[in-house]
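S.K.: Structure below; questions to follow.
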Amino acid sequence: MTVKECILATAAKVGVLDEVQKYFNGTDSTGENTANVLLQCFNLVQNELALDYLPLIREDEVYVSTGVVQFSALTKSPVRIVDVTDGKGESVEYSVFPEYVKAQPGKLKIVYTYIPEDKEFNNEAEAAAQASTRLFSYGMAVEYCLANGLFEEANVWDKKYRDAIRAAYRIKPCKVIQSRRWV
């Protein structure tokens with residue numbers, strides 16, 4: 001899913017599709033402001049989903065002789081450390097500090113959540129597998145309506161957005177416990 005796909009889906013929902021399509025096609029520059037506002041909306045929704053609802057998880061392997069792993073040594077900037085394992089894949093005890101995580105020395109695999117970087121029009125969206133273009137477009141429609149003072153419309157889109165988030169949670173597999181039969 002690309003950022004542009006999400007922007008076009010949202011533009012169709014809020015009634016500015018012609019304006020944005022003409023800007024993307026290069027035939028009219030009047031839609032530039034609208035497209036940029038929708039891009040900001042995309043980045044807001046992407047961050048909200050990653051922080052509050054559908055976290056993005058990354059694993060990095062590092063080798064440390066002291067057991068201290070600076071956050072700057074990781075690929076992304078971590079929000080929450082989920083797990084730390086040793087070279088054998090076994091969980092190890094660790095402590096989290098403001099700028100580093102401390103565990104045992106040696107080869108470590110650090111599993112953590114992170115905030116995605118802001119995107120541009122032609123970038124791919126960074127999102128959990130459950131997130132869809134529809135989910136993003138609902139959230140973006142809320143932000144767009146709020147930015148333009150359309151509070152009643154924002155309320156309608158917000159209900160759809162929250163329902164789509166709940167549906168994304170239900171996509172995760174769950175265990176079913178069989179009911180007991182009493183004889």
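S.K.: Does D28 satisfy the condition of being loosely packed, with under 15 Cβ neighbours inside 10 Å and closer than 22 Å to R162 by Cα?
M.R.: So D28 does not fit the description; no.
S.K.: Of all the residues that make up the stretch 77-96, how many are surrounded by 13 or more Cβ atoms within 10 Å (Cβ to Cβ) and not polar (S, T, N, Q)? It would help to see each step written out before you state the result.
M.R.: Just the residues of the stretch 77-96 that are surrounded by 13 or more Cβ atoms within 10 Å (Cβ to Cβ), to begin with: 78-79, 81-86, 92, 94, 96.
This time we only want the ones that are not polar (S, T, N, Q), so: 78-79, 81-84, 86, 92, 94, 96.
Within the stretch 77-96, residues that are surrounded by 13 or more Cβ atoms within 10 Å (Cβ to Cβ) and not polar (S, T, N, Q) number 10.
S.K.: As an exercise: evaluate L44 against (1) outside the structural domain of A9 (by TED's automatic domain parsing); (2) at pLDDT 95 or above and give the number of the one condition it does not meet.
M.R.: Among (1) outside the structural domain of A9 (by TED's automatic domain parsing); (2) at pLDDT 95 or above, L44 violates only (1).
S.K.: Also: Yes or no: E99 under 27 Å from A131 (Cβ atoms) and either at pLDDT below 95 or surrounded by fewer than 18 Cβ atoms within 10 Å (Cβ to Cβ) (or both)?
M.R.: So E99 fails the test.
S.K.: Across the stretch 128-168, which residue is nearest to the chain's Cα centre (by Cα) among those that are among the acidic types (D, E) and over 19 Å from Q40 (Cα atoms)? Full working, then the answer.
M.R.: Within the stretch 128-168, the first condition is being among the acidic types (D, E), and the residues that meet it are 143, 152-153, 158, 163.
Now narrow it down to the ones that are over 19 Å from Q40 (Cα atoms): 152, 163.
Values: E152: 26, D163: 17 Å.
The selected residue is D163.
S.K.: Considering only the stretch 50-86, state which residues are basic (K, R) and closer than 18 Å to A129 by Cβ.
M.R.: Narrowing the stretch 50-86 to residues basic (K, R): 58, 76, 80.
Those that are basic (K, R) and closer than 18 Å to A129 by Cβ: R58, K76.
S.K.: Looking at T10, T30, which one is closer than 24 Å to N148 by Cα, assigned by TED's automatic domain parsing to the domain that holds G139, modelled with pLDDT of 95 or more and among the hydroxyl-bearing types (S, T, Y)?
M.R.: After applying the criteria, what remains is T10.
The values are calculated or read from the model by the stated rules, or taken from the named source; none is laboratory data. As the structure is a computational prediction, the values presented were derived from the model and not from experiment. Heads up, the Cβs are rebuilt from the backbone with ideal geometry, glycines too, and the neighbour counts pull from every protein chain shown.
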